[in-house]
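The values are calculated or read from the model by the stated rules, or taken from the named source; none is laboratory data. No experiment lies behind these values; they were computed from the predicted model shown. Backbone-built Cβ (ideal geometry, glycine too); neighbour counts: all protein chains shown.
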Amino acid sequence: MYSRNPTYTNPTPCKHLEEYKRKHSLNGYNSLKNSLKITPNGRTAMKRDQIEVPRCGFCSGNQGRLYFCLICSSISCCSISSSESNHALFHSQAHMGHDIAVDMERAELFCCVCCDQVYDPDFDNFVMAKHIMEMPMNNSNGNGGGGGVDLNRESSCNKRRKTVRWGSSTCLPLGLRGLNNLGNTCFMNSVLQAMLHAVPLRNYFLSGRHSRDSCRKSSLGRLCLRCDVDSMFAAVFSGERTPYSPARFLYSWWKHSSNLASYEQQDAHEFFISMLNRIHEKEDHGRHQNKDNGDCHCIAHRVFSGVLRSDVTCITCGFTSTTYDPCIDISLDLDPTYGYKMKASNKSPNSNQSLEISTLLGCLDLFTRPEKLGPDQKLFCQHCQEKRDSLKQMSIRRLPLVLCFHIKRFEHSLVRRMSRKIDRYLQFPFSLDMMPYLSSSIVRNRFGNRIFAFEGDESDVSTEFEVFAVVTHSGKLESGHYVTYLRLRNQWYKCDDAWITQVSEGVVRASQGYLIYYMQKSMYHKSSEDLSCLPMSPRNGDSFLPTAGCC
């Protein structure tokens, strides 16, 4: 079990929430007991009258976000982008002390004055207790509803699923633990689930290679993101099954990424990059920098960093300029021309409608194909000594241990001044061979037999990968929800904030992948060899040591 570090605390609540709790204690929370419901997908929301549609008390509108006042139970809408449409703020100004409300759609606390989500551990515990009360009990073991796996009723697809409950005694993979939503933090929880099950990152922190005590002394007690990551790994892999609240990590990340410090929904990919950058910044560059090639040997880059090769060829003379750039993920465009069209099901209202489907391999082909640069992108040719039309081709020179693909689902038009989400399905293989996309393969295909040796070939590096995590986004651009699917022991699990559900491969394939994580095939199978043990890397070596993997 891990020990709590008294240096780190939960984020300090806003003064309006503190004042509300000082006057009303938890009475407002308790009054919500009969007003909350659990949706079929396991999320919490406010109950709505089946006959009367809830409307804003100011404008009588029912669109957008609606907020339920904890003092007078009135309903107001809120548009953060426009102060004139912020009727929740008007309500708090018109009624002294009516500052705290509940988001009716998400059942999350909202400060009408700050116009932001706020986090309170007491409210978090209250909502989780509501979940526990409404969950059906599993009586299959004959003990009248003890712990274990909850078998829900058959879904519309006629398949039974297993949901992890508090106090579950089922022998599930160690580290499979829900993460509480702290107020629009599904973007963070989804990425953290993938990071927690990236084997090399997990081995590093669970083997004690990061010392919180020495780090705290060297940083003079200041917040350290890597210390909070270390604490989170220890807590998640402690064997506890109750959902974990990563509040200290969130607070530390805020301190290191002040431009993203709010309870507003953030982009999961942006959070992933920010988290790795913050971990990198805390490393000792003098100790981890390779003087020969400039590679960083911090844990973030040892796990996720690869190298991209860019070849720019002059169309006039054929001179090629090559550059190498490090990367911690690969961003791919969704192009239907590199996928295919599938006819809609006969059950669809319009059976003649075609659905555009992209494939991950098609996206990789698009990423590595030669691209003619536009007339406004002419580059200076060292051979011609002037700007020329050129061809550009990307390839992968070095693969990382864990490969992350970022699928570009959000596009922005400067001309139309608008953004939209691309709701196109992406098919991806569970086993992936990256050999066709390596620089050696790309360059040999371009020059044929004229190339006999290739600088930078790494024959000892595995090109075969296995998928282990898929972060998906559902909903609209401005309001959506992130969920992670984890593949452990060849079984898929849906991680929806605090709730873990066992799902089939079909459910994963039907989701809209946003971040897709692969790890080297040998590493994936090695971590799954022993069904009852968790492989961990010891402090002074790379061999694996077993620890108990059951509750």
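With the checklist (1) assigned to a helix (DSSP H, G or I); (2) modelled with pLDDT under 70 in hand, flag the one item residue 248 doesn't pass. Only one criterion in (1) assigned to a helix (DSSP H, G or I); (2) modelled with pLDDT under 70 is unmet by residue 248, namely (2). If only residues of the range 171-191 that are of a type in the set (Gly, Ala, Ser) and closer than 16 Å to residue 106 by Cβ are counted, the one that is surrounded by the fewest Cβ atoms within 10 Å (Cβ to Cβ) is 183. Selection of first residues in the range 414-425 that are more than 17 Å from residue 267 (Cα to Cα) and of second residues that are hydroxyl-bearing (Ser, Thr, Tyr) and modelled with pLDDT of 65 or more, restricted to Cβ pairs under 7 Å at least 6 apart or on distinct chains, gives the following pairs, ordered by first then second residue: 424/358. Here are some residues: 498, 510. Which one is more than 25 Å from residue 428 (Cα to Cα) and at pLDDT 85 or above? Sole residue among the options that is more than 25 Å from residue 428 (Cα to Cα) and at pLDDT 85 or above: 498.
The set of residues in the range 211-224 that are surrounded by 20 or more Cβ atoms within 10 Å (Cβ to Cβ) and either modelled with pLDDT of 90 or more or in contact with a Lys or Arg (Cβ under 7 Å, 6 or more places away or on another chain) (or both) contains only 224.
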